[in-house]
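Note sheet for the following structure.
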Amino acid sequence: MEPVSVLLTAYNEGLGIIRVLDYLEECSDLINDVVVVSDACEDETDDIVLKWVEGGLPFSVSTFFNSKRQGRAAAIRQGLGAVQKDIVAIFACDIKPLGKSLQNLLAYFKDPNVGAVTGHPTLNNGTSTIADCLCHIMWQSHDNIGEMTTTKGKFFHLNGEMYAIRKSILKNFEDYNGLAEDAMIGHCIFKEGYQVLWARNVTYLMQYPSSLKEWIKIRKRCCYGRIELVHKAGIKDYPFYEIKHLDYLMNILRVSLSSWKFILVLPIGAFLELVCRCYYFIMYPYISQEREKILSALWKPSGETKW
């Protein structure tokens with residue numbers, strides 16, 4: 001397998017970025033070059049990266065330490081301009097890649113028709129809070145739909161924490177310049193006629209918010225981002241482009257029935273999600289007039305995802 005490029009986007013990742021850096025060293029035979037975009041970090045992230053580079057590495061490393069926060073889509077664009085290979089693995093820095101996930105991720109690109117591949121998370125969350133339980137329902141449902149729609153050839157919603165793409169397919173930055181940049185990138189690749197795959201053998205640990213306040217913060221960002229995608233890409237009835245409404249609801253119900261805790265919290269999550277989606281759907285024409293201000297306000301990562 002030809003070595004590929006790796007792009008890391010980081011914002012205040014002092015607690016966990018070393019996990020990703022250590023993993024890359026373990027997979028050095030798969031890597032040609034690494035590009036790190038530190039997006040105006042206010043903690044020790046930059047120092048950790050510099051120390052890592054100074055220690056000597058078996059692949060080339062390029063670093064960008066931005067003084068002004070620009071958001072993940074812009075950070076990805078910046079990084080894609082510096083990578084050396086067409087196939088690029090993109091990592092968030094608050095995860096822990098597991099086992100041979102990078103090797104498994106890249107193996108799919110032996111097929112020239114594959115344009116992007118994403119993995120699925122193993123949550124570090126327990127089930128002690130309402131938000132914890134909602135996280136498990138959400139991600140298990142997302143995985144089920146990802147697997148189902150990959151089989152049908154309709155999947156494109158990449159998981160932003162860990163995925164790989166053929167960068168040459170992306171032609172216009174504005175096509176994926178938004179809050180749901182992962183879904184937008186996947187859609188850009190999908191509409192060009194390439195396969196976008198969800199892969200069960202690509203796994204990573206991640207932490208989602210355990211408090212309802214922080215969970216709502218992330219859901220607000222996701223809901224706005226998806227509605228923005230609907231408008232920019234002309235997708236009708238997102239997220240039901242993949243499966244029928246009833247199948248979508250039955251999938252969530254099946255996941256919820258696996259635990260009595262999930263059953264209890266499901267009405268809370270469904271209500272909050274519905275309110276959030278309705279609000280941004282109705283307000284989108286007004287919000288889009290002050291888009292940059294809104295993006296700046298919404299793109300505030302939860303501190304509870306850092307571990």
Filtered residue count, segment 1-48, keeping only those that are of a type outside the set (Ser, Thr, Tyr), farther than 21 Å from Tyr108 by Cβ and touching a helix residue (DSSP H, G or I) at 6+ places or on another chain (Cβ under 7 Å): 12
Strands (runs of 3 or more DSSP E) (entirely within segment 1-88) containing at least 1 residues that are without any contact (Cβ under 8 Å) to a residue 60 or more places away in the chain: 31-39, 60-66
Cβ-Cβ under 7 Å pairs, at least 6 apart or on other chains, segment 163-188 side touching a residue at least 12 places away in the same chain (Cβ under 8 Å), far side among the acidic types (Asp, Glu) and surrounded by fewer than 23 Cβ atoms within 10 Å (Cβ to Cβ): Arg166/Asp86; Lys167/Asp86; Ser168/Asp86; Ile169/Glu192; Met184/Asp175; Cys188/Asp175
Pairs where the first residue, in segment 281-292, is closer than 16 Å to Lys220 by Cβ and the second is modelled with pLDDT under 70 and surrounded by 11 or more Cβ atoms within 10 Å (Cβ to Cβ), C-beta under 7 Å, 6+ apart: Ile287/Ile294
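Being under 13 Å from the mean Cα position of the chain (by Cα), within 30 Å of Glu2 (Cα to Cα) and touching a residue at least 40 places away in the same chain (Cβ under 8 Å) is true for just one of Tyr194, Tyr204. Which residue is that?
Tyr204 is the lone residue from the list that is under 13 Å from the mean Cα position of the chain (by Cα), within 30 Å of Glu2 (Cα to Cα) and touching a residue at least 40 places away in the same chain (Cβ under 8 Å).
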Of all residues making up segment 166-214, the number that are touching a Pro at 6+ places or on another chain (Cβ under 8 Å) and either assigned to a loop (DSSP other than H, G, I, E, B) or hydroxyl-bearing (Ser, Thr, Tyr) (or both): 2
Selection count, segment 6-39, where residues are of a type in the set (Gly, Ala, Ser) and within 18 Å of the chain's Cα centre (by Cα): 3
Residue, surrounded by the fewest Cβ atoms within 10 Å (Cβ to Cβ), within segment 126-163, restricted to residues that are among the hydroxyl-bearing types (Ser, Thr, Tyr) and closer than 20 Å to Gly193 by Cα: Thr151
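Conditions tested, residue by residue: (1) within 15 Å of Ala164 (Cα to Cα); (2) modelled with pLDDT of 95 or more.
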| position | (1), (2) |
| --- | --- |
| Leu8 | yes, yes |
| Tyr11 | no, no |
| Leu15 | no, no |
| Leu21 | no, yes |
| Val37 | no, yes |
| Asp43 | no, no |
| Leu57 | no, no |
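The values are calculated or read from the model by the stated rules, or taken from the named source; none is laboratory data. If you're wondering where the values come from, they're calculated on a predicted model, not measured in any experiment. Virtual Cβ from ideal backbone geometry, glycine too; neighbours counted across all protein chains shown.
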